[in-house]
1. Among the numbered criteria (1) within 19 Å of residue 119 (Cα to Cα); (2) out of contact with any strand residue (DSSP E or B) (no Cβ under 7 Å at 6 or more places or on another chain); (3) surrounded by fewer than 21 Cβ atoms within 10 Å (Cβ to Cβ), which single criterion is violated by residue 173?
2. Is there any pair linking a residue in the stretch 40-69 that is closer than 24 Å to residue 166 by Cα and modelled with pLDDT of 95 or more to one that is open to solvent by 60 Å² or more (accessible area, probe 1.4 Å) and in a helix (DSSP H, G or I), with Cβ under 6 Å and at least six apart or on different chains, and which?
3. Just wondering, is there one or more residues in the stretch 164-173 that are under 14 Å from the mean Cα position of the chain (by Cα) and hydroxyl-bearing (Ser, Thr, Tyr)?
4. Of the numbered conditions (1) closer than 17 Å to residue 68 by Cα; (2) at pLDDT 95 or above; (3) not aliphatic (A, V, I, L, M), residue 144 fails exactly one; give the number of that condition.
5. Between a residue in the stretch 100-115 that is in a helix (DSSP H, G or I) and any residue that is among the aromatic types (Phe, Trp, Tyr) and open to solvent by 20 Å² or more (accessible area, probe 1.4 Å), which pairs come within a Cβ distance under 7 Å, given they are 6 or more apart or on different chains?
6. Give me a count of the residues in the stretch 77-90 that are assigned to a helix (DSSP H, G or I) and within 17 Å of the chain's Cα centre (by Cα).
Amino acid sequence: MTNTDKLREIVSGARRIVFFGGAGVSTESGIPDFRSVDGLYHQKFDYPPEEILSHSFFVRQPDEFYRFYREKMLCLTAKPNKAHLTLAKWEREGRLLSVVTQNIDGLHQAAGSKRVHELHGSVLRNHCMKCGKSYDVDFIARSGGVPTCDCGGIVKPDVVLYEEPLPEDTVTAALEDIRSADVLIVAGTSLTVYPAASYIRYFRGGSMVLINRDETPYDGYADLVIHDKVGEVLSAADNES
């Protein structure tokens with residue numbers, strides 16, 4: 001039995017799948033990840049990306065932050081790929097409970113997924129740090145330099161930066177779903193970013209599937225490990241179901 005056959009069998013018998021995904025889910029849509037050989041962390045910038053995407057850097061050098069943010073974090077032409085579309089289909093069929101994502105691109109919702117826990121926020125939402133007024137992503141993309149509100153406050157993306165806490169309500173809901181899942185599919189993540197990576201330890205269900213191009217520290221914990229592209233794996237398993 002191939003790995004695809006095994007995954008198809010697991011999915012076909014599941015009623016409460018939770019999908020936990022990282023940057024590798026969106027690379028097939030043309031959005032770069034962070035830690036692969038050609039990811040953002042291996043490119044040359046004036047400052048390390050980890051530093052640029054920190055709260056303290058945002059406060060200290062907002063101009064440089066937004067220059068990097070617009071160039072590297074806003075991929076507004078990206079479209080949902082086979083992974084996003086397959087997951088949305090499984091949700092419509094009643095077999096997928098929710099998506100827990102570390103991504104900020106909104107592609108799961110664009111594909112039609114309804115219950116999505118965005119651990120690190122979304123580039124699609126932005127707010128004034130002074131008065132709280134909301135702005136869409138086009139406002140950020142069009143503005144030059146540091147985007148400012150009508151009231152004069154800085155408009156900040158609703159994205160969790162390094163040194164900032166994850167949204168408590170989102171984390172609570174995500175952990176509740178992971179605890180109640182009968183199948184947990186972990187995909188497109190190196191499982192090295194904490195605390196998010198530790199959340200899979202809350203799973204108490206029957207089968208954990210890990211899909212990632214490279215090995216992860218949690219390969220030994222999974223019931224099925226597939227080192228391949230997430231979209232190809234999920235769509236192949238679905239097409240054979």
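The values are calculated or read from the model by the stated rules, or taken from the named source; none is laboratory data. Note that the structure is predicted; figures quoted are calculated from it, not measured. Here Cβ is always computed from backbone atoms with ideal geometry, including for glycine, and neighbour counts include all displayed protein chains. All accessible areas refer to the heavy atoms of the entire protein, side chains included, with ligands and DNA or RNA removed. Shrake-Rupley method; radii C 1.70, N 1.55, O 1.52, S 1.80 Å.
1. Residue 173 satisfies every listed condition except (2).
2. 57/51
3. yes
4. (2)
5. none
6. Count: 7.
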